[in-house]
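One structure is given here, and the rest of the page talks about it.
Any read-out appearing in this document is the output of simple, stated calculations on the displayed coordinates, not a laboratory observation. Keep in mind the model is a prediction, meaning the values are calculated, not measured. All Cβ positions, even for glycine, are placed from backbone atoms using ideal geometry, and neighbour counts span all protein chains on display.
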Amino acid sequence: GHGLPEVDGSTASPCRGPGNSGCVQKNFPAFVATISVSLPPGTPIEVWWQDEARIGQKNKITRRWAKRGIFGAICPARGIGAALVLPKCNTDAMNLHLEEISANVAPGAHAVVIVDPAGWHFSKALCIPRNITLLPLPPKSPELNPVENVWQFMRENWLSNRVFKSYSDILDHCCFAW
């Protein structure tokens, strides 16, 4: 997998990797312009936001780390999302989620998917679909990711203060909540 080629022909996106996280705040128009020149003229660019919410068997209002979780992404401009409930949060799970996002990008469009700097978002084993370019958020800045609001709403309304009977019960509740 790979990101889109830059104008100079390399395979990494201009802001790829956690070290370049300022792109989302300071250089977003230039980042999108760089992507645009490497695409066929007139290709629409969608902005997607991606994140994970870890869900365990015992949930409360505060956050807890758990192995399983929901991988979710939204495209606010189109009012759509793409989510998977998976048993682990790792590179393999992220690859599956990128495939799901890719399948939901409008035909003929390209997506800029804004992600936090979790290790699996920029792993060398990550397979980035051709219609997606990743853009990292700065570290420890969940307030910049609107998917965090989705997780908060889901926890407050469907996932908090309950004990799940089984992994299947977690799946059912997460799928219903999404």
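Points to keep in mind about this one:
- Most simply put, region 49-178 has about 70% antiparallel DSSP beta bridges, counting only bridges with both residues inside it.
- Additional length obtainable on full extension of the chain from SER166 to CYS127, 0.36 nm per residue less Cα span: 10.9 nm
- In nm, spacing of pseudo-spin labels at TRP178 and VAL37 (7 Å Cα→C-beta vector): 3.7 nm
- Distance from region 140-173 to region 67-132 (C-alpha centre basis), Å: 17 Å
- For ILE114, the amide hydrogen comes within under 5 Å of the amide hydrogens of TRP48, TRP49, GLN50, LEU135, counting only partners 5 or more places away or on other chains and with H modelled in the peptide plane.
- Over region 81-178, the alpha carbon radius of gyration divided by the compact-protein estimate 2.2 N^0.38 Å works out to 1.17.
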